[in-house]
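Student: There's a structure below that I have some questions on.
The values are calculated or read from the model by the stated rules, or taken from the named source; none is laboratory data. Please read these numbers as outputs of a predicted model, since none were measured by experiment. Cβ sites come from the backbone with ideal geometry, for glycine too, and all protein chains shown count toward neighbours.
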Ligand SMILES: Cc1ncc(COP(=O)(O)O)c(C=O)c1O
């Protein structure tokens, strides 16, 4: 298997496994495709990269160089943006429970926009902005009840979801009243995010209709952010809409709905994460032992739920191949399992693969989103290295954690009196 002119087996020899490998040109192309196609003559547009999908300093530098804006959801993601030299006025800070420290950090760094989840947060933000004598734009996150037909855990707009509040609810009215005439928090519009791995593009049409109906109550043209969640291809069952068509379709939905409801907006935003990095990344593992039990055959790999929690968390499906054996017949039905001490540590259940032996490199495809970013040190596993490849060359952008890294925060603290 070769990615951007680089042989995966040689990468694995050089950097070790498990290894996240990203095609840098493919990420750039995807971002530019979003940026160049998400355009309208009627209003400004912005594409925000949702950095929760995959964030490290070099990735955020690519986002900066491609001219996208950035969605962060924690002080940590904001810190990475700062270290990457990102223009803070183009950062949008999400989250349903931002701490006082995180809000203060955002204000100090002059973050452009806070997406407010609830009234308590808005009260806190107003108080802190007054203290720091800062002005900050806010968007309100709305729960518009659009069911995006995706897994329950990644569907965010069912009415019992923890995110946002409903249009014209008491919370909605209180938030608007608090911003009215306020010089520190400047109400700029609304946000919604209907879920992730969404293939039904009409779900966005419904979202746009509902959001425009909310905007109709306001005279001033506002910002409308309709979130991300655009589906990607993990397996052959997934049929994502091509990016330029997706962008043009959403712009079309917005233009016609604004016209129909006679509403003007200032700006339309989308915030894709997964669809910018998922298919652009793979995880390379080394096969260890193989095992046949009466009902199943296993290929064990040297990572697992610690570098890809998605199969265990929401039954996510993946496909894989064995590097160098792509053209051999797939004669064996196997389950690819990780090395963690958990029965649920299964990466792929029942997939047809060629016979594998110890030392083969097994490559799981489309792991670029929510793999590295959700990785953990469970069982004291080291978080793998990440490399970018481009035109026959590779560069390390995150180093593999060493055993020393695993204990670098451990302390032999002395008991101190707490009064
Ligand atoms: C508010 C918000 N915006 C954007 C995204 C990105 O979604 P995706 O990576 O599926 O595009 C998420 C994902 O959880 C989100 O919660």
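Student: Kindly indicate the residue of region 86-111 that is in a loop (DSSP other than H, G, I, E, B) and more than 16 Å from the ligand (Cβ to nearest atom) and also surrounded by the most Cβ atoms within 10 Å (Cβ to Cβ) among those meeting that condition.
Tutor: Checked region 86-111; the qualifying residue surrounded by the most Cβ atoms within 10 Å (Cβ to Cβ) is 86.
Student: Still on this model: Looking only at residues in region 124-148 that are away from the ligand (no atom under 14 Å from the Cβ) and modelled with pLDDT under 90, which one is farthest from the chain's Cα centre (by Cα)?
Tutor: Only one residue fits best here, namely 145.
Residue-wise test of (1) within 16 Å of the ligand (Cβ to nearest atom); (2) surrounded by fewer than 17 Cβ atoms within 10 Å (Cβ to Cβ).
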residue	(1), (2)
162	yes, yes
165	yes, no
169	no, yes
180	no, yes
191	yes, no
211	yes, no
232	yes, no
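Student: Right, here's the next one. Out of all the residues in region 181-217, which are out of contact with any strand residue (DSSP E or B) (no Cβ under 8 Å at 6 or more places or on another chain) and either closer than 17 Å to residue 115 by Cα or assigned to a loop (DSSP other than H, G, I, E, B) (or both)?
Tutor: Passing the criteria: 181, 182, 183, 194, 195, 196, 197, 199, 200, 201, 216, 217.
Student: Can you give me the number of residues within region 8-35 that are without any contact (Cβ under 8 Å) to a residue 60 or more places away in the chain and either within 16 Å of residue 360 (Cα to Cα) or over 19 Å from the mean Cα position of the chain (by Cα) (or both)?
Tutor: Looking only at that region, the number is 2.
Student: From the list 353, 269, which residue is assigned by TED's automatic domain parsing to the domain that holds residue 193, crowded, with 21+ Cβ neighbours inside 10 Å and out of contact with any helix residue (DSSP H, G or I) (no Cβ under 6 Å at 6 or more places or on another chain)?
Tutor: None of the other options fit; the residue is 269.
Student: I've got another one for you. If residue 325 meets every condition in (1) in a loop (DSSP other than H, G, I, E, B); (2) in contact with a strand residue (DSSP E or B) (Cβ under 9 Å, 6 or more places away or on another chain); (3) more than 30 Å from residue 341 (Cβ to Cβ) apart from one, which number is that one?
Tutor: That leaves (3) as the condition not met.
Student: Let me ask something else. Within region 61-85, work out how many residues are more than 21 Å from residue 38 (Cα to Cα), more than 16 Å from the ligand (Cβ to nearest atom) and not in a helix (DSSP H, G or I).
Tutor: The qualifying residues number 2.
Student: Still on this structure: Output the qualifying pairs, or none if there are none: Cβ atoms under 6 angstrom, residues six or more apart or on different chains, first residue in region 351-369 and more than 17 Å from residue 304 (Cα to Cα), second residue not in a strand (DSSP E or B).
Tutor: 352/330; 353/330; 354/325; 354/328; 354/330
Student: Here's a follow-up. Out of everything in region 253-291 that is under 30 Å from residue 24 (Cβ atoms) and assigned to a helix (DSSP H, G or I), what residue ends up being nearest to the ligand (Cβ to nearest atom)?
Tutor: 274
Student: In addition: For region 300-313, does any single residue satisfy the condition of being modelled with pLDDT of 95 or more, in a strand (DSSP E or B) and out of contact with any helix residue (DSSP H, G or I) (no Cβ under 9 Å at 6 or more places or on another chain)?
Tutor: Yes, the conditions are met somewhere in region 300-313.
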